[in-house]
1. Within the range 12-33, count every residue that is surrounded by 11 or more Cβ atoms within 10 Å (Cβ to Cβ) and over 17 Å from residue 48 (Cβ atoms).
2. Assess whether residue 174 counts as being over 21 Å from residue 101 (Cα atoms) and surrounded by 11 or more Cβ atoms within 10 Å (Cβ to Cβ).
3. When the range 59-96 is examined, which residues are found to be at pLDDT below 95 and either crowded, with 21+ Cβ neighbours inside 10 Å or not in a loop (DSSP other than H, G, I, E, B) (or both)?
4. Please verify whether residue 40 is assigned by TED's automatic domain parsing to the domain that holds residue 158 and either more than 27 Å from residue 138 (Cβ to Cβ) or without any contact (Cβ under 8 Å) to a residue 40 or more places away in the chain (or both), treating the condition exactly as stated.
Amino acid sequence: MAPGNRIIGALSADVFGQRSSWNRLVTTYPQLANVPGAAQSPNRTLMELSGTSVAAPVVAGAAALLLQVNPGLTPPLVKAILQYTAQPLPRANLLEQGVGELNIEGAVRLAAALRTDIGPALAAGRLRAGDPLLASGQRLPLPQSTVNGQSFNWGRLVVAGGNHLLSGDTLFTRFQPIYDPTLNWTRQLVLRNTVLYWPLTTVPRSIVEVRVSNQNLITGGVVWIDGRLAQSVLAGGLFLPTSTWADQAATGSGFVLSEGFVLSEGFVLSEGFVLSEGFVLSEGFVLSEGFVLSEGFVLSEGFVLSESVRDPASLADPSLTGEP
């Protein structure tokens, strides 16, 4: 989230700055030029505007600053840095503010701590999952910023796969495959895109996307904040304040992934998603060490959910199969 409510900025006009040359938006809606205290003399005009039209350029400018301090960042890595360093605002949930408000000061410091050859090394095939990301002699900065005299902690949350919250130092000390801009991971679908160019030119002709069958997405050591996602959603997880999730990240709550997220045989979480606490997802949920429910039920033998439905009669009941 970025500032976009009643932002005051320069009102564009021609070189003479006369009212007749003011931009079309203000000409159509003159109330936008009613800025308290503004004399609106030629070449000293101001306007007030709200919306994504003023918020989006702030984020674009932040991305430009990150690339200025570290030109080796990939687009997904820029996004992850902006998310991780964001400031969660009180009482607003994930649907209202995402992971928080843009924090350019913290984002620039984190970007500066990373090696500057990430993009070129990845393109050349020299960067693998789990390879070091920190620049020589660098350490991760303290996850705190002070802006205009106000100090606050970073949210330390990164969204992955469309519905997972990740955290932990490993996100930026080790290369995560999700930082590869050719990968597109949404829930259980992972696509890889390839840009095709016109012969003997650098002009793109088309982009081809194919489904990936085997791919490591997240390495071990990353913290899975929203672990047991189905349970958190049922408990209203999406509507919890983002600061609640950030508090979990700050205290290290969540599952430390020992193997990471792995795409196997075309399905994410199919084979190879192993949590260090002994919670394995394979063809559904397999709880190898039992699972204690908050209502007092104890599953001592484990609990297996099959992804297939073998009873034809049950196909008519969507409550048995879940979403298609």
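1. 4
2. On the way: over 21 Å from residue 101 (Cα atoms): yes; surrounded by 11 or more Cβ atoms within 10 Å (Cβ to Cβ): yes.
Yes: the conditions hold for residue 174.
3. Passing the criteria: 93, 94, 95, 96.
4. no
The values are calculated or read from the model by the stated rules, or taken from the named source; none is laboratory data. Because the structure is predicted, anything quoted here is derived from the model rather than measured. When we count neighbours, we look across all protein chains shown, and the Cβ atoms used for this are built from the backbone with ideal geometry, even at glycine.
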